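Input: a single structure, listed below in structure tokens.
Read-outs throughout are calculated quantities, based only on the coordinates presented, and are distinct from any laboratory measurement. Everything numeric here is computed off the predicted structure, so don't read it as measured data. Note that each Cβ is placed from the backbone with ideal geometry, even for glycine, and that neighbours are counted across all protein chains shown.
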Amino acid sequence: MSLERILAASVAPGRRPRPGFAQNRPVNDQLDAPDLALVQRAVDLVRQRGNGSANTVAAAARATDGRVVAGMNVYHFTGGPCAELVVLGMAASEGLERLEIIVAVADGERGILAPCGRCRQILFDYQPGIRVIVTSGGAARAVGITDLLPNANRWSAASGTLPAEYPA
């Protein structure tokens, strides 16, 4: 499958975008060459390392300095880590404090996946300015994590759970 088809693929065919999706703040939803290269990195990783059972999703993220980290999920019935969380750990191990964009791609040519609820919350808590590449209306676009988790409460080790607008 070509990168163009991966970009347009939707894991749930026939599913409609949520009304008002990504309208609560302006976003630049155009994917530029570095964003497309990031998607390609995740596609290549899932094709090379995806095994259809324990490792079925690859994610890649780009830091504000341009470095890219990638990783695979580890499926387990107890709730092993999603690929996005593995990437957060990889970024921490590389000393990357700020990630600007992330994407996850499923094996079997299933295309780009939006983060699950747990990953959305963790991305919001640890990388509140990150953009996420998702598919919506048959096209890939980058949206802010706050668009995927509106009205969220923000958690921190120091303060616990606070409304997002509360200064940390």
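As a calculated quantity, the FRET efficiency between residue 51 and residue 92 at R0 = 25 Å, using C-beta atoms, amounts to about 0.50.
Would you mind calculating the relative contact order of the range 38-81 from Cα pairs under 8 angstrom and at least 6 residues apart, reporting the percent as a whole number? Dividing the mean separation by the residue count of the range 38-81 yields 35 percent. Between the beta carbons of residue 30 and residue 153, assuming R0 = 35 Å, the FRET efficiency works out to 0.70 to the nearest 0.05.
Charging the Cβ of each Asp and Glu at -1 and of each Lys and Arg at +1, and nothing else, the dipole of the range 80-168 about its Cα centre rounds to 180 debye.
Taking one quarter of the surface of the C-alpha convex hull of the range 73-142 gives a mean projected area of 5.4 nm². Qualifying trypsin sites (Lys or Arg not before Pro) in the range 38-122, where qualification requires a DSSP coil assignment and no more than 15 other C-beta atoms within 10 Å, comprise 67, 98. Going from the residue with the fewest nearby Cβ atoms within 10 Å to the one with the most, 109, 84 rank 109, 84.
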